[in-house]
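What follows is calculated from the coordinates using simple rules that are stated; it is not laboratory data. What you are looking at is a predicted structure, and each value in this text was computed from that prediction instead of being measured. Neighbour counts are summed over all protein chains in view; Cβ atoms, including those assigned to glycine, are modelled from backbone coordinates with ideal geometry.
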Amino acid sequence: MADPARAARLAQRIKVIVAEALRRRVKDPRLEAVTITDARVTNDLQHATLYYTVLGDPEEQQATRMALESARGVLRSEVGKNITARLTPTLEFVPDEVPVNASHLEELLQKARERDAEVAAIAQGANFAGDADPYRTSEDDEAAR
């Protein structure tokens with residue numbers, strides 16, 4: 001087993017190698033809009049998972065997924081040439097869900113801001129149901145004696 005620090009360094013190196021290979025070596029037009037966002041390598045350095053994003057509709061994203069699968073062998077050979085590990089890790093491509101989750105969170109935050117504004121507008125003209133200060137004070141205790 002390798003140490004996690006070495007696996008992290010290797011993951012970053014693989015990320016750079018694959019991004020450069022996609023830009024220079026692979027001539028598939030479906031892969032022009034791909035961005036490699038992250039890479040993770042198992043501690044035994046046998047498997048690498050690469051996270052990617054691609055702009056476009058679901059059909060374009062599916063075409064990109066197919067293009068990455070077909071280019072996997074070329075990319076793995078590029079990784080093998082450019083790293084110093086004894087074995088070349090297998091590559092797995094996973095769509096990165098962070099941008100989708102971020103946009104969903106942004107929508108939720110916008111709805112919360114709108115609701116807060118509505119509550120503030122309602123509270124602007126509201127009056128207390130009872131006294132302004134419904135709690136007993138020491139002055140009340142003295143007056144009761």
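Points worth noting:
- Square roots of 5 times each gyration tensor eigenvalue, C-alpha, the chain, largest first, Å: 58, 23, 9
- Each label point was placed 7 Å from the Cα along the Cα-to-Cβ direction; for Glu20 and Arg72 their separation is 2.4 nm.
- Helix-only mean residue ellipticity at 222 nm for the chain, each DSSP H run of n ≥ 4 adding -39500 (n - 2.57), per residue, nearest 500: -18000 deg cm²/dmol
- Spin-label pair Glu92/Ile122, simplified geometry with 7 Å Cα→Cβ offset, distance in nm: 4.8 nm
- In this simple spin-label model, placing a label point 7 Å from the Cα along the Cα-to-Cβ direction at both Ala33 and Asn82 gives a separation of 2.4 nm.
- Each Lys and Arg contributes +1 and each Asp and Glu -1, all at the Cβ; summed about the Cα centre of the chain, the dipole is approximately 1740 debye.
- The stretch 1-110 - share of DSSP beta bridges that are antiparallel (%, nearest 5): 55 percent
- Which of Gln62, Gln110, Phe93, positive extreme of dipole for the stretch 47-134 (C-beta unit charges): Phe93
- Applying 0.36 nm per residue to the separation of Glu139 and Glu107 and subtracting their alpha-carbon distance, the gain on full extension is 6.5 nm.
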